[in-house]
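J.: Okay, here's the structure, questions in a sec.
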Amino acid sequence: MRKRLIATIILLSGATLSAAAQQKGFGLGIIVGEPTGISAKGWVSNTNAVDLGLAWWFHWQGNIHVHADYLWHFPNVVKSTEHFVLYTGLGGRIAAGRGSGIFGVRIVGGFAWWARSIPLDVFVELAPILDLAPATELSANGGIGVRYFFP
């Protein structure tokens, strides 16, 4: 009985620690979509984080896409037994390649699922963009990704 109680406490504390791991520290993973590449996220408070993307941009062949966003998370909006989190943010992006470059402002929104047993988040996001240079145009980014959070 005592071994079973100790095992239960260890399992529950491990699940609690890993669920909280997505809400602190640094995460690294991938994003697939437009753009496709590396995704990183660093927490600056309990509800705010900075995300970064370094990716290949398929819209223009041969382009590198870099974006950075400041995010606000709303962890208690979705009522579920799973941990779904809505977020929104504001940031910028640059894309360069083949003698051209783009600079724009991103407004990102999405939701994430934070796994219970491992420090992993799976996210889906959409980011309308106002490109400011070389011309003023509207565009968008969107993707599905996964990040592992390091303790």
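The values are calculated or read from the model by the stated rules, or taken from the named source; none is laboratory data. From a predicted model like this one, the values you see are computed outputs, not experimental measurements. Virtual Cβ from ideal backbone geometry, glycine too; neighbours counted across all protein chains shown. Side chains included, ligands, DNA and RNA excluded: accessible areas come from the protein's heavy atoms. Shrake-Rupley method; radii C 1.70, N 1.55, O 1.52, S 1.80 Å.
Yes/no per residue for (1) at pLDDT 95 or above; (2) of a type in the set (Ser, Thr, Tyr):
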{"position": "Ser80", "(1), (2)": "no, yes"}
{"position": "Leu90", "(1), (2)": "yes, no"}
{"position": "Gly99", "(1), (2)": "no, no"}
{"position": "Val105", "(1), (2)": "yes, no"}
{"position": "Gly110", "(1), (2)": "yes, no"}
{"position": "Ser117", "(1), (2)": "no, yes"}
{"position": "Pro128", "(1), (2)": "yes, no"}
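J.: From (1) within 29 Å of Thr136 (Cα to Cα); (2) open to solvent by 90 Å² or more (accessible area, probe 1.4 Å), pick out the condition that doesn't hold for Ser39.
T.: With (1) within 29 Å of Thr136 (Cα to Cα); (2) open to solvent by 90 Å² or more (accessible area, probe 1.4 Å) applied to Ser39, the lone miss is (2).
J.: A further question follows. Filter the strands (runs of 3 or more DSSP E) completely within the stretch 65-151 down to those with at least 3 residues that are of a type in the set (A, V, I, L, M, F, W, C) and crowded, with 19+ Cβ neighbours inside 10 Å.
T.: Working: elements: 83-97, 100-114, 120-133, 137-150.
Ranges flagged: 100-114, 120-133.
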